[in-house]
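Here is the structure we will look at, set down as structure tokens.
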Amino acid sequence: MLLGPAIDLLLEPFAYQYMARAIWVSALVGAVCAFLSCYLILKGWALMGDALAHSVVPGVALAYLLGFPYAIGAFTSGIIAALGIAFVRRLTMLREDAVIGLVFTTLFAIGLLIVSINPTSVNVQSIVLGNILAISDDDVTQVIVIAAISLAILGLKWKDLLLAFFDESHARSVGLNPWLLRVLFFVLLSACTVAALQTVGAVLVIAMVVTPGATAHLLTDRFGMMIGLAMLIGAATSALGAYLSFFLDGATGGLIVVLQTLVFLAAFVFAPKYGRLAARRSARRSAEVIR
Amino acid sequence: MMRDRPTPSIEVNDITVSYSNGVAAVRNATFELGPSTICALVGINGSGKSTLFKTIMGFLTPSAGSVRIAGLPVKAALRQGLVAYVPQSEEVDWNFPVLVEDVVMMGRYGHMNVLRIPAKADRAAVDQALDRVGMSEYRTRQIGELSGGQKKRVFLARALAQGSEIVLLDEPFTGVDVKTESAIIDLLRAMRDEGRLMFVSTHNLGSVPDFCDQVVLFNRTVLAYGPTATTFTEANLAQAFGGLLRHVRLSGPDLHDDADQRRVTVLTDDERPLVLYGERDQEKHVNPDRSETP
Amino acid sequence: MTWSAPAWLWSWFIDPLAHGFMQRGLVVAVLVGAVCALLSCYLVLKGWALMGDAVSHAVLPGIVIAHVIQIPLAIGAFAAGLGCAIATGYIKSNSRIKEDAVMGIVFSGLFALGLVLFVKVETDQHLNHILFGNMLGVQWPDVLEAALIAVPAIVIVIAKRRDLLLYCFDPTHARAIGLPVGTLHFGLLTLLALTIVASLKAVGIILVIAMLIAPGAIGYLLTKRFDAMLAIAAAAAIGSSVVGTILSFHIDGATGPTIVVVQSALFVLAVMIKRGGRSANA
């Protein structure tokens with residue numbers, strides 16, 4: 001029988017502790033990012049997700065260089081980015097996307113410059129592309145703490161956030177503070193960006209905080225359902241990607257995001273109500289009616 | 001520039017326009033407009049007015065029926081620069097680094113060589129157009145520095161410089177004060193009197209009888225079209241707007257104590273009201289603004 | 001000729017250029033800076049910052065595949081970049097997802113695909129060089145290749161600048177006067193993809209986005225005339241390229257990031273000039 005060796009091969013990754021850990025940490029990060037992605041895609045903030053991911057790079061570089069927790073460095077430079085964007089917006093008439101692009105590329109370049117001047121302290125590739133398979137114990141702790149706190153807050157506040165984003169004035173009228181909720185959201189987003197940095201790296205964080213939400217948006221009209229589906233997709237693709245990367249020399253981030261994109265494309269074509277096939281069917285039907 | 005221009009006309013022949021998801025935004029719409037006309041396109045928001053405009057401009061292709069402009073297919077008419085378009089204020093990014101004269105010069109691009117280097121005739125046309133709308137002194141202002149009405153005049157100047165016989169205007173009176181509105185209307189009238197066809201999309205009912213000689217009432221399809229006096233009636237409007245208009249009727253007993261059967265009807269979407277006064281079959285359009293200012 | 005600048009400043013600028021790699025780096029930096037600057041004016045005005053971001057990331061799989069099937073990397077990169085833009089357009093107009101999200105999905109998917117392929121393919125290319133460029137490692141043939149792409153792109157942008165501007169400012173009017181709007185749209189995308197390909201060897205696919213925003217933003221702040229905006233953007237970018245390249249030699253830092261940081265410093269300066277000018281007027 002060939003089945004025995006095949007199963008052994010498939011189970012082999014679980015024999016290594018670092019693999020098992022990579023798989024469940026990835027799934028956790030994937031789920032939290034997917035939660036946030038539902039809000040991000042509805043508000044049209046995809047660029048913001050990308051921007052935060054790039055902006056944290058100088059903070060991470062400095063943190064590794066000076067030996068303090070990377071999450072703190074990342075978080076600080078994320079906040080600097082947000083303030084910088086708000087500040088430049090106030091001072092100029094530039095379009096928002098240009099301002100965001102300007103600020104995040106500047107910070108990213110500063111990060112690269114720091115790394116290039118001190119090439120030995122950090123591996124730039126692991127920041128930009130992620131390296132979950134070689135994650136240190138300290139970093140795992142940081143990721144878990146971030147993810148757990150974020151999930152807890154989101155679980156408590158998800159309806160408030162939806163209301164504040166959907167209808168700000170009504171949110172105000174029922175006694176919510178939309179400004180505070182927005183700040184809370186961006187704090188959570190930068191925290192999760194920092195966590196996702198470990199799994200997929202700065203460049204691909206945008207997929208983690210956009211693609212699962214967009215996929216779920218094609219599949220359902222109910223927001224609670226959308227969150228559930230997105231988290232499922234985020235967790236499953238992340239776990240599977242980490243698992244597969246055992247056989248593929250470690251391109252974990254790439255694999256996770258490729259899987260997420262494939263799921264999205266499948267939904268784009270086959271989604272029961274909003275897929276291409278469904279649209280073609282209804283176009284044919286309405287053409288018949290006209291005829 | 002003095003070459004013979006074809007007689008302006010818009011012929012919309014039984015068109016149906018669908019979104020990519022198969023839903024029809026416009027169904028079986030038919031109407032026809034000729035030269036020396038100001039025609040209003042009236043309908044509620046979401047009635048497919050802008051879809052109709054986009055189809056006339058060739059942005060959308062009807063899935064059935066056809067549009068002909070001055071007897072030509074849309075593409076050919078556009079290539080000849082027959083159609084000018086005055087955009088809604090919200091469609092324009094007013095922060096662009098373009099000056100008033102740059103915008104008007106854009107009307108001349110169809111007449112220029114591939115590098116768009118203006119010739120003497122182009123400059124003359126721009127000067128003339130700016131002069132005509134009374135914006136010459138603002139020519140080196142950045143476009144965003146103008147008031148709402150001035151912006152509209154600049155885009156009308158662009159249409160003039162373009163030399164188009166057909167001008168489409170999308171909601172030209174939004175965000176414009178009454179005084180500027182009447183200045184724009186005077187300009188539209190003058191352009192009509194030179195033989196042009198002006199097609200104005202508006203939900204501003206009050207000013208329609210004031211300056212439009214034709215009306216197309218629109219909601220997914222053409223509900224009625226023809227001369228304003230016979231088409232822009234209470235019954236047709238009620239059909240076009242359903243229950244969506246504020247409708248105030250002051251009939252005999254409310255107005256006076258005698259047996260006079262005349263009544264006042266006010267139709268409004270809370271912008272400028274349409275006021276109808278008279279007996280049922282001889283109601284006349286009254287312009288509230290004009291009657292206030294002698 | 002009187003030379004008033006102190007001698008040390010002169011030698012600070014000139015001495016590094018004794019090295020051949022510095023000469024090549026400087027030439028390519030100026031070239032890339034100029035073409036990116038011209039394009040950046042349109043991206044900034046049209047709100048296409050994310051499009052620049054997307055196309056630049058999306059070229060990665062094109063590079064890897066081109067390497068595998070042995071065609072020039074530039075061709076693969078170009079095809080992938082343009083493919084990203086086209087796929088984005090298609091998915092956006094056929095689904096309920098907003099454009100920014102679609103762009104994010106498509107380009108991250110392509111970039112991820114590129115990474116996975118890169119790992120599977122044996123290649124002599126350094127991933128770091130594709131991502132961040134290797135300005136001081138370029139050879140004269142690389143400079144020539146960049147020039148062959150950048151110079152025609154510059155010529156086309158300058159020659160067609162008015163049509164492109166009109167397309168960005170008022171596409172409806174552009175169509176009304178019979179301009180080929182579709183051609184202009186894809187022309188601009190093509191120019192963008194070409195620019196990114198030309199910049200590949202020098203600044204890499206991640207940093208090029210910075211050079212595709214900052215110069216246009218600087219020009220936008222300092223003038224209200226479009227031709228002047230193009231000129232200021234180009235001048236700012238070329239100046240930053242020269243200063244950045246020389247500076248990176250002295251501080252021993254990576255060249256691409258240094259140029260970007262210098263550009264950003266110029267942007268801050270432009271904001272201050274603008275603010276100062278306004279308060280002086282008031």
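The values are calculated or read from the model by the stated rules, or taken from the named source; none is laboratory data. The shown structure was predicted, so the numbers you read here are calculated from the model rather than taken from an experiment. Positions of Cβ are backbone-derived with ideal geometry, glycine not excepted, and every protein chain shown enters the neighbour counts. Quick note on the areas: whole protein, heavy atoms, side chains included, nothing else; ligands and nucleic acids left out. Shrake-Rupley method; radii C 1.70, N 1.55, O 1.52, S 1.80 Å.
Could you say which residue among C:Ile105, C:Ile130, C:Ile97, C:Ile156 is surrounded by fewer than 23 Cβ atoms within 10 Å (Cβ to Cβ) and of a type outside the set (Gly, Ala, Ser)?
Working: C:Ile105 fails: surrounded by fewer than 23 Cβ atoms within 10 Å (Cβ to Cβ); C:Ile130 fails: surrounded by fewer than 23 Cβ atoms within 10 Å (Cβ to Cβ); C:Ile97 fails: surrounded by fewer than 23 Cβ atoms within 10 Å (Cβ to Cβ).
Testing whether each residue is surrounded by fewer than 23 Cβ atoms within 10 Å (Cβ to Cβ) and of a type outside the set (Gly, Ala, Ser) leaves just C:Ile156.
Counting residues in segment B:81-90 that are touching a Pro at 6+ places or on another chain (Cβ under 9 Å) and without any contact (Cβ under 8 Å) to a residue 24 or more places away in the chain gives zero.
From the list A:Leu28, A:Leu42, A:Leu36, A:Leu47, the one residue that fits, being touching a residue at least 24 places away in the same chain (Cβ under 8 Å), more than 19 Å from A:Val103 (Cα to Cα), facing chain C (nearest Cβ under 10 Å) and not basic (Lys, Arg), is A:Leu42.
Open to solvent by less than 10 Å² (accessible area, probe 1.4 Å), in a helix (DSSP H, G or I) and touching a helix residue (DSSP H, G or I) at 6+ places or on another chain (Cβ under 8 Å): which single residue out of A:Ala63, A:Ala71, A:Ala82 fits that description? Being open to solvent by less than 10 Å² (accessible area, probe 1.4 Å), in a helix (DSSP H, G or I) and touching a helix residue (DSSP H, G or I) at 6+ places or on another chain (Cβ under 8 Å) holds for just one of A:Ala63, A:Ala71, A:Ala82, which is A:Ala63. All conditions in (1) of a type in the set (Ser, Thr, Tyr); (2) surrounded by fewer than 18 Cβ atoms within 10 Å (Cβ to Cβ); (3) farther than 26 Å from B:Thr7 by Cβ hold for B:Thr30, with the sole exception of (3). Filtered by the rule that a residue be assigned to a strand (DSSP E or B) and either of a type in the set (D, E, K, R) or within 15 Å of the chain's Cα centre (by Cα) (or both), segment B:17-45 gives B:Arg27, B:Glu32, B:Leu33, B:Thr37, B:Ile38, B:Cys39, B:Ala40, B:Leu41, B:Val42. Note on segment B:46-61: among residues that are open to solvent by 30 Å² or more (accessible area, probe 1.4 Å) and either part of a strand (DSSP E or B) or more than 30 Å from B:Ala190 (Cβ to Cβ) (or both), the one that is farthest from the other protein chains (Cβ to nearest Cβ) is B:Gly46. Residue count for segment A:146-188, restricted to those that are in contact (Cβ under 8 Å) with a residue 40 or more places away in the chain, closer than 30 Å to A:Tyr18 by Cβ and open to solvent by 40 Å² or more (accessible area, probe 1.4 Å): 2. Note on segment A:101-117: residues that are facing chain C (nearest Cβ under 7 Å), touching a helix residue (DSSP H, G or I) at 6+ places or on another chain (Cβ under 6 Å) and within 14 Å of C:Thr258 (Cβ to Cβ) total 6.
For segment B:117-133, indicate whether the set of residues that are within 21 Å of the chain's Cα centre (by Cα), basic (Lys, Arg), assigned to a helix (DSSP H, G or I) and at pLDDT 90 or above is non-empty.
Let us first name the residues in segment B:117-133 that are within 21 Å of the chain's Cα centre (by Cα), namely B:129-130, B:132-133.
Cutting the leftovers down to basic (Lys, Arg) gives us B:132.
Next, from what is left, pick out any that are assigned to a helix (DSSP H, G or I): B:132.
Subset that is at pLDDT 90 or above: B:132.
Within segment B:117-133, one or more residues are within 21 Å of the chain's Cα centre (by Cα), basic (Lys, Arg), assigned to a helix (DSSP H, G or I) and at pLDDT 90 or above.
Here B:Ser66 meets each of (1) assigned to a loop (DSSP other than H, G, I, E, B); (2) over 29 Å from C:Phe169 (Cβ atoms) with one exception, condition (1).
Do we have A:Val194 as within 26 Å of A:Glu12 (Cβ to Cβ) and more than 9 Å from every other protein chain (Cβ to nearest Cβ) here?
Numbers: within 26 Å of A:Glu12 (Cβ to Cβ): no; more than 9 Å from every other protein chain (Cβ to nearest Cβ): yes.
So A:Val194 does not fit the description; no.
Contact map, segment C:67-81: first residue touching a residue at least 40 places away in the same chain (Cβ under 8 Å), second residue of a type in the set (Asp, Glu) and surrounded by fewer than 22 Cβ atoms within 10 Å (Cβ to Cβ), Cβ cut-off under 9 Å, separation 6 or more or different chains; pairs are C:His67/C:Asp124; C:Ala74/C:Glu145. As a summary of the residue check, B:Ser66 satisfies the conditions (1) among the polar types (S, T, N, Q); (2) open to solvent by 40 Å² or more (accessible area, probe 1.4 Å); (3) at the interface with chain C (Cβ under 8 Å from one of its Cβ atoms) except for the one numbered (3).
Within segment C:48-65, does at least one residue satisfy the condition of being within 9 Å of another protein chain (Cβ to nearest Cβ), in contact with a helix residue (DSSP H, G or I) (Cβ under 7 Å, 6 or more places away or on another chain) and small (Gly, Ala, Ser)? Yes; the residues of segment C:48-65 include at least one that is within 9 Å of another protein chain (Cβ to nearest Cβ), in contact with a helix residue (DSSP H, G or I) (Cβ under 7 Å, 6 or more places away or on another chain) and small (Gly, Ala, Ser).
Applying a threshold of 9 Å to beta carbon distances and a minimum spacing of six or more residues, or different chains, the list of pairs starting in segment A:261-281 at a residue that is among the β-branched types (Val, Ile, Thr) and ending at one that is open to solvent by less than 20 Å² (accessible area, probe 1.4 Å) and outside any helix (DSSP H, G or I) reads A:Val269/A:Gly275. Segment C:126-224 holds helices (runs of 4 or more DSSP H) entirely within its bounds, and those carrying 3 or more residues that are within 18 Å of C:Gln263 (Cα to Cα) map to C:181-211, C:214-222. When segment A:226-263 is filtered for residues that are more than 23 Å from A:Leu11 (Cα to Cα), in contact with a Leu (Cβ under 8 Å, 6 or more places away or on another chain) and either of a type outside the set (Ser, Thr, Tyr) or not in a helix (DSSP H, G or I) (or both), the ones remaining, listed by number, are A:Met226, A:Leu229.
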